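Worksheet: one structure, shown below.
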Amino acid sequence: MLNRRSWAIVGGRTLLPTGWEDDAVVLIEDGVITDIADGTRGHPVLEAGGRLVLPGMIDLHGDAFERQLMPRPGVHFDMRIALADTDRQLVANGISTAFHGVTHSWEPGLRSRDSLVALMEALESARTHLACDTRLHLRQETFNLDGEADALRWLAQGRVALLAFNDHTADIVKKLDKPLEAMTVLQRTGLGADALRQLAHRVASRASEVPASIERLAAAAVAAGVPQASHDDMTADIRHWYQGLACSISEFPKNRETARVARALGNHVVFGSPNVVRGGSHQSNAVGAATMVAEGLCTVLTSDYYYPAMLQAPFRLAADGACSFEDAWALVSSNPADAARLHDRGHLAVGQRADVLVVEPPAAMPARVALHLIAGRLAHAALGAPMALPAAPRHKAATPMPEAVGWVEP
């Protein structure tokens, strides 16, 4: 019975595009929301039991799967195992659509072309076996000039769902003069310090070729209908330049001024949920994501490097008064759907794909996904999850508004 794609979700506090509704029955047929009604119409019932009924989350930038691939420096695991375990983490944390941020770098090792190609092939083979709708977010290192032809081909082949322009070369060069900071890069590349230094300086010497390469890749993305993001924008001028290339997502801008310009241009501005949950960035010079939300300078939150943070962040934002819970949940659902041009999801509304969460708000423990439907199919059920029942009369069960629920440190 739980493999079916038609349901009536009853008895929850449901977040609709118009706001909270205690009386709503979410009707699902063949994986699509067909009505927000006041009766079950003969559908099997999922009784939410007063929990929150929310649209599934969309993660535009997550790279925590790298820890499944290489849990310890130099220790690698089969990509199929890594993808399967990552899939379980995603759905248990309420992420219905995930963009795996895979770096295409000039570095050898974990972020090399070979690693990327292997992951792309494994993902394409596994996609029909994964519960989460999992897509490729190609993080193109702009100094990876020798990899441009590959990226152009992958865009033309439809293998890329989101293209981001990254530039970590200057940062890597700086880290190589600081042994402790260099260790992470050395471990993931497998190179010694001298060899990596020589490679990094050789790559950096081609800086004059980079802008033209970005322009060609951006044009290819436009032709393929692939949304684009620029990563770690340092200045307003950089954001304006990328905007001119039809790159309309600003990922992790480095300062408030750049974020303001991005919003003035109508861009989506992305920050990380871990920043919100931890109360600040792990990087000393980075802006606080919660502050950016409160100032209207952040429109999308992602899992970044920690999948559980996406579910907890909206509750933290609401509890701290940065914004309403409704607006906070939009940061992980409808807004990323808009940024990624996924117009079939992100809301609990008629015609939308039935990506639905039944969530227990934080109390003695952090928020928990009790039940997760993706395209109407059961993707995750926790202990004590709503039970599937024959069609029966609906009854209401109240629960506090999320703003009134206390924040619990995970």
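Surface composition of segment 269-317: carbon and sulfur atoms hold 47% of the protein heavy-atom accessible area at a 1.4 Å probe.
Say each of ASP114 and THR184 gets a label point 7 Å from the Cα, pointing the same way as Cα to Cβ; how far apart are those two points in nm? Each label point lies 7 Å from its Cα, and together they span 2.4 nm. Restricting the chymotrypsin sites (Phe, Trp or Tyr not before Pro) of segment 127-186 to loop positions (DSSP other than H, G, I, E, B) with no more than 10 neighbouring Cβ atoms within 10 Å leaves nothing.
Were the residues from ARG127 through ASP194 laid out at 0.36 nm apart, the gain over their Cα-Cα distance would be 20.1 nm. Taking the accessible area of segment 24-110, probe 1.4 Å, and keeping the other protein chains in place, the carbon and sulfur fraction comes to 50%.
Given R₀ = 45 Å, FRET efficiency for ALA212-ASP38 by Cβ-Cβ distance, to 0.05? Mind dumping the intermediate values first?
Details: r = 59 Å, r/R0 = 1.32.
The calculated FRET efficiency here is 0.15.
Here is the result for segment 204-257: no GluC sites (Glu not before Pro) lie in DSSP coil with at most 10 other C-beta atoms within 10 angstrom of their C-beta.
Restricting to the chain, what percent of DSSP beta bridges are antiparallel, rounded to 5? Walk me through the intermediate numbers first.
Working: 28 of 63 bridges.
Of those bridges, close to 45 percent are antiparallel.
Using the Cα gyration tensor of segment 8-49, with a ≥ b ≥ c the square roots of its eigenvalues, what is the shape: rounded (a/c below 1.5), prolate (a/b larger than b/c) or oblate (neither)? Before the final figure, lay out each step's value.
Numbers: a/c = 1.93, a/b = 1.31, b/c = 1.47.
Oblate, because a/c is 1.5 or more while a/b does not exceed b/c.
At a probe radius of 1.4 angstrom, the accessible area of the chain per residue rounds to 41 square angstrom.
Placing +1 on each Lys and Arg Cβ and -1 on each Asp and Glu Cβ, with no other charges, gives segment 203-253 a dipole about its Cα centre of roughly 140 debye.
The share of Cα pairs per 10 Å bin across segment 69-108, counted from zero up to the longest distance, runs 24, 47, 26, 3 percent.
Segment ARG377..ALA223, full-extension length gain: 52.1 nm, with 0.36 nm per residue of separation and the alpha-carbon distance subtracted. Springs between Cα atoms under 10 Å define the GNM used for the chain, and in it the highest mean-square fluctuation of ALA64, ALA322, ALA118 occurs at ALA118. Exposure check, 1.4 Å probe, all protein chains in place: ILE81 carries approximately 100 Å² of accessible surface.
For LEU383, what charge total do you get from the other residues with a beta carbon under 14 Å from its beta carbon, if Lys and Arg give +1 and Asp and Glu give -1?
Details: positive: ARG51, ARG368; negative: GLU360.
Neighbourhood net charge equals +1.
Within the shell defined by Cβ-Cβ distances under 15 Å, the residues around GLN187 carry a net charge of +3, with Lys and Arg each +1 and Asp and Glu each -1. Considering only alpha-carbon pairs that sit under 8 angstrom and 6 or more positions apart, the relative contact order computed for the chain is 23 percent. So which trypsin sites (Lys or Arg not before Pro) in segment 261-362 pass both tests, a DSSP loop state and at most 14 other Cβ atoms within 10 Å of the Cβ? For trypsin sites (Lys or Arg not before Pro) across segment 261-362 that sit outside H, G, I, E and B with at most 14 neighbouring Cβ atoms in 10 Å, the list reads ARG341.
Between ALA364 and ALA294, the distance separating the two model label sites (each 7 Å from Cα on the Cα→Cβ line) works out to 3.2 nm.
Other residues lying with their Cβ under 14 Å from the Cβ of ALA92 contribute a combined charge of -2, Lys and Arg counting +1, Asp and Glu -1. Its Cα centre serving as origin, the chain has a Cβ charge dipole (Lys and Arg +1, Asp and Glu -1) of approximately 420 debye.
Model label sites at LEU145 and LEU265, defined 7 Å from Cα along the beta-carbon direction, differ in position by 2.4 nm.
The values are calculated or read from the model by the stated rules, or taken from the named source; none is laboratory data. Note that the structure is a prediction, hence the values are computed from the model and not measured. Positions of Cβ are generated from backbone atoms using ideal geometry, with glycine treated the same way; all protein chains shown enter the neighbour counts. Ligands, DNA and RNA are excluded from the accessible area calculation, which covers all protein heavy atoms including side chains. Shrake-Rupley method; radii C 1.70, N 1.55, O 1.52, S 1.80 Å.
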